[in-house]
Amino acid sequence: MPQFGVWHDMVFQMRFSRNSSGYFRVWHNGTQVVNYAGRTAQLQAGSDAFYNKFGLYRDLWPTSWTVYFDNYSIGRSFDEVDPAKFAANHPPPHKHGASG
């Protein structure tokens, strides 16, 4: 379970492919936590492109949720998107119910 009230640095590296040349890799706070190689895509009828989309996706949970995204970037290497480059600009997230 993720810790709430603190920033989490997430880096995703992926290659979408309908064959075995695809991959999906994830780093959480500098530690690689996913290293998948294989099929990563299946095109639907009438579709010929992939697009980047992210956010808070959920069902009809009875309480509200808030997620903050900061320093979102896209690059061709880990170095281009290394969260350590943005660390000085990370104020602590606002805690629910806290004043200030």
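The values are calculated or read from the model by the stated rules, or taken from the named source; none is laboratory data. Computed from a predicted model, the values in this text were never measured in an experiment. Please note: Cβ atoms are built from the backbone with ideal geometry, for glycine as well, and neighbour counts cover all protein chains shown.
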Using beta carbons and a limit of 9 Å, which pairs, at least six apart or on different chains, have the first residue in the stretch 66-81 and touching a residue at least 24 places away in the same chain (Cβ under 8 Å) and the second one of a type in the set (Val, Ile, Thr)?
Phe78/Val11; Val81/Val11; Val81/Ile74
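Take the residues in the stretch 1-60 that are among the hydroxyl-bearing types (Ser, Thr, Tyr) and at pLDDT 90 or above, then tell me which one is surrounded by the most Cβ atoms within 10 Å (Cβ to Cβ).
Tyr23
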